[in-house]
1. Quick check on the exposure proxy: order 107, 87 from fewest to most C-beta atoms within 10 angstrom.
2. If I take every Cα pair under 8 Å that is 6 or more residues apart in the chain, average their sequence separation and divide by the length, what percent do I get for the relative contact order?
3. Along the Cα-to-C-beta direction of residue 69, a point sits 7 Å from the Cα; which residues of the range 44-63 have their amide N less than 11 Å from that point?
4. Which order results if 52, 32, 101 are arranged by neighbouring Cβ count within 10 Å, fewest first?
5. Among 68, 76, 40, which one shows the highest mean-square fluctuation when the chain is modelled as a Gaussian network with alpha-carbon springs under 10 Å?
6. Given the -39500 (n - 2.57) contribution per DSSP H run of 4+ residues, what per-residue ellipticity at 222 nm results for the chain, rounded to the nearest 500 deg cm²/dmol?
7. If you take Kirkwood radius over Cα pairs in Å from the coordinates, which of (i) 17.3; (ii) 16.6; (iii) 21.2 do you get?
8. Given contacts defined as C-alpha pairs under 8 Å and at least six residues apart, what's the relative contact order of the range 1-64, whole-number percent?
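Just so you know, all these numbers are worked out from the coordinates, no wet-lab data involved. Here the structure is a predicted model, which is why all the values come from computation and not from measurement. No Cβ is skipped: glycine too gets one built from the backbone with ideal geometry, and neighbour counts run over all protein chains shown.
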């Protein structure tokens, strides 16, 4: 396999690092949630690309077709479930950020820390 032909792994690594950077380095809580979403999207991309089998067909068994290479639908099913869980987690996180904003008047991590520990 040539290095350029594996572009989806490069996209995965790029999204993963951008998301990780946002979670670790950004003090804004909304930006941290966006970073977590990017991190999740990178993992989704990795699972979907690993589930692709070159030259395979959908696992629908038909009479007269033997010795066919089939592609497993399991990665796609797992990712669909993970997308629903990810959206729910992001919505919950945004709700918590709104509640933090109401309580502290800010969503910057260092300002919240200063208010809690004067």
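1. Details: 107 17, 87 12.
Taking fewest neighbouring Cβ atoms as first place, the list is 87, 107.
2. Working: 103 pairs, mean separation 28.3, N = 118.
It comes to 24 percent, rounded to a whole number.
3. Label zone hits: 53-57.
4. Details: 52 11, 32 20, 101 14.
In order of increasing Cβ crowding within 10 Å: 52, 101, 32.
5. Top of the fluctuation ranking is 68.
6. On the way: 4 runs with 80 residues, N = 118.
Calculated mean residue ellipticity at 222 nm is -23500 deg cm²/dmol.
7. Calculated Kirkwood radius over Cα pairs in Å: the matching label is (i).
8. On the way: 44 pairs, mean separation 20.7, N = 64.
Relative CO of the range 1-64 lands at 32 percent.
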